[in-house]
1. Of the residues Arg132, Arg119, Arg87, which single one is within 18 Å of Gly160 (Cα to Cα) and free of Cβ contacts under 8 Å to residues at least 40 places away in the same chain?
2. Could you please find all residues in the stretch 130-185 being buried (at least 16 other Cβ atoms within 10 Å of the Cβ), modelled with pLDDT of 90 or more and under 20 Å from Lys89 (Cβ atoms)?
3. Look through Ser106, Ser96 and report the one residue that is hydroxyl-bearing (Ser, Thr, Tyr), farther than 15 Å from Leu147 by Cβ and touching a residue at least 40 places away in the same chain (Cβ under 8 Å).
4. Only one residue in Pro197, Pro237, Pro243 is modelled with pLDDT under 90, in the same structural domain as Tyr262 (by TED's automatic domain parsing) and either exposed (fewer than 12 other Cβ atoms within 10 Å of the Cβ) or out of contact with any Cys (no Cβ under 8 Å at 6 or more places or on another chain) (or both). Which one?
Amino acid sequence: MKLFRLLNFILVVVLLLTACSSANSAPTLPPTSSLPQPAVTIRSAPDVNAALSAYLDAYKADDYNAMYAMLSKVTSAALSLEEFAKRNKDALNEMSAGTFDYEILSALMNPLSAEVSYRVTYHTVLVGDLQRDMVARFSLEDGAWKLQWDAANILPELAGENALRMDYRIPSRGDVYDRNGNPLAAQSDVYAFYIIPGNVNEDNIGSLTARVWALCGISQDVLEQDILNTPDQYAIPLCEASPEESAGIRSAAPSGLQWAQYTSRYYFEQGSSSNIVGYTTYISADNLR
């Protein structure tokens, strides 16, 4: 009887231990598939100095189509190609700049914008070399730097819709005299002579051609043929002379001869010394004031 009770007791303990073990065990779940690793791509911004160099090289080549293609969307939306090209051309013409050189100084970049400082030296006819330091501002659009252009990218002084005007004056050249004080080249009243063939009197054509030969050095035979072969109202130009040189022919006033008077730099003695003094720079006291 005691043995039977012992067996029952052992059976109960085993059942209890089995139940506790089942209760404490966590259910086993099927393994889940792991998520893919995210793809990370690191791209560096394009070279903003190269973008500015490309723009300025196109400017040097007068390639306004290429320049316009490098402008930002905001700039091109506000400015047509024709107006853009005109503003650049007008400024270069006003400066009398035939060529220019540039130098890139420094750049400041962030992920979406950049600023590049640069120096331009315009080679002008009127004022020599004209040098300016400027700043080009870029925005990153579709992976490329685009210039936020305004007129200050031509000259800083053009910012704010300012206009460029070159005010220059050419001083009059000084008078030139020979060793005896006679003028070789000077400002003077000048008479320009010409003939209207239809007004020439056949009776005095010889006198006319003789006086013209004496003043202008034109062959009488050549001039007479010109008079006969030129339509009546077509002027035949002759020469220019000072008041003193032409006093005799103007006093005689042969028929057919006419003249116009004006003031200009005149080479006396029919310009015989122009090859000597024509390219001479003469500085007078008046020019130094």
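1. Of the residues listed, the single one that is within 18 Å of Gly160 (Cα to Cα) and free of Cβ contacts under 8 Å to residues at least 40 places away in the same chain is Arg132.
2. Listed by number, the residues that qualify are Leu130, Met134, Ala136, Leu147, Trp149, Asp150, Ala151, Ala152, Asn153, Ile154, Leu155, Leu158.
3. Going through Ser106, Ser96 in turn, the sole match is Ser96.
4. Pro243
The values are calculated or read from the model by the stated rules, or taken from the named source; none is laboratory data. This structure is a prediction, so every number in the text was calculated from the model and none was measured. Positions of Cβ are backbone-derived with ideal geometry, glycine not excepted, and every protein chain shown enters the neighbour counts.
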